[in-house]
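The structure under discussion appears below in the form of structure tokens.
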Amino acid sequence: MIESLAYLHVVAIAVLVGKIVFLSFITAPVLARTLDADSFAKVVRQLFPRYYALGMVAAIVGWATITSIGLLNGFGPIDLISSTLWLGILAIENYCRSPLTPKINALSDQLKETERLGIKIVSLRKDRDALHRLSVQLNSLVLIIGFCLIGLI
């Protein structure tokens, strides 16, 4: 039983780290080089809610498995640290999925519309860019936490 839970825990870590690495270093660069800006935006808007949902599922599975292992074995410090890290990942993925991504999309839409009208609103671009930077930073943090979870196995 514990071996099966440990295996699922490793799979959850692999899914979490794999999704970030695949999107960040393969998918996004290829899409950015291949698609025009409008097509890129359409694809990303379809991709990101699912991307974050996958991270949330991985976090739930990771938390549930390490918590179950802790309950069966008696919680040790590694189990408690891992469990807490998984809850942090779940919170970050949930925040990025909603409200962060919808806010970025709304600001992008406003920016596109004002530029279409020939109006440049610097604050819109700054706000959108700041939120985008935050999403990149949060994704980087989740990747680092994922590497920490690997180290705790």
* Structure fact -> Counting only residues that are free of Cβ contacts under 8 Å to residues at least 12 places away in the same chain and surrounded by 10 or more Cβ atoms within 10 Å (Cβ to Cβ), the range 29-40 contains a total of 7
* Evaluate the range 78-97: report whether one residue or more is at pLDDT 95 or above, under 19 Å from the mean Cα position of the chain (by Cα) and more than 19 Å from Ala58 (Cα to Cα). => no
* To do: Considering only the range 107-138, state which residues are modelled with pLDDT of 95 or more, surrounded by 14 or more Cβ atoms within 10 Å (Cβ to Cβ) and among the aliphatic types (A, V, I, L, M).
  => Leu107, Leu131, Leu134, Leu138
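For Ile104, indicate whether it is touching a Gly at 6+ places or on another chain (Cβ under 8 Å) and at pLDDT 95 or above.
Numbers: touching a Gly at 6+ places or on another chain (Cβ under 8 Å): no; at pLDDT 95 or above: yes.
Answer is no for this residue.
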* Asked: So which pairs qualify, if the first residue must be in the range 1-26 and under 22 Å from Leu87 (Cα atoms), the second must be in a loop (DSSP other than H, G, I, E, B) and not acidic (Asp, Glu), the Cβ gap must be under 9 Å, and the two must be at least 6 apart or on different chains?
  -> Ala6/Ile153; His9/Ile153; Val10/Ile153; Ile13/Ile153
* To do: Go through (1) modelled with pLDDT under 95; (2) touching a Phe, Trp or Tyr at 6+ places or on another chain (Cβ under 6 Å); (3) not acidic (Asp, Glu) and name the single condition Phe75 misses.
  => (2)
* In the range 130-144, which residues are touching a helix residue (DSSP H, G or I) at 6+ places or on another chain (Cβ under 9 Å) and without any contact (Cβ under 8 Å) to a residue 12 or more places away in the chain? -> Val136, Ser140
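With respect to Ile153, determine if the residue is touching a residue at least 40 places away in the same chain (Cβ under 8 Å) and assigned to a helix (DSSP H, G or I). It would help to see each step written out before you state the result.
On the way: touching a residue at least 40 places away in the same chain (Cβ under 8 Å): yes; assigned to a helix (DSSP H, G or I): no.
So Ile153 does not fit the description; no.
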* Residue list for the range 73-94, restricted to those being small (Gly, Ala, Ser) and more than 13 Å from Leu16 (Cβ to Cβ) -> Gly74, Gly76, Ser83, Ala91
* Name the pairs whose Cβ atoms lie under 6 Å apart, with the first residue in the range 85-97 and within 19 Å of Ile66 (Cα to Cα), the second buried (at least 16 other Cβ atoms within 10 Å of the Cβ) and polar (S, T, N, Q), and 6 or more positions between them or separate chains? -> none
* Among residues belonging to the range 93-121 that are of a type in the set (Gly, Ala, Ser) and assigned to a helix (DSSP H, G or I), point out the one that is nearest to Leu143 (Cα to Cα). => Ser98
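The values are calculated or read from the model by the stated rules, or taken from the named source; none is laboratory data. Just so you know, these numbers come straight off a predicted model, no measurement behind them. All Cβ positions, even for glycine, are placed from backbone atoms using ideal geometry, and neighbour counts span all protein chains on display.
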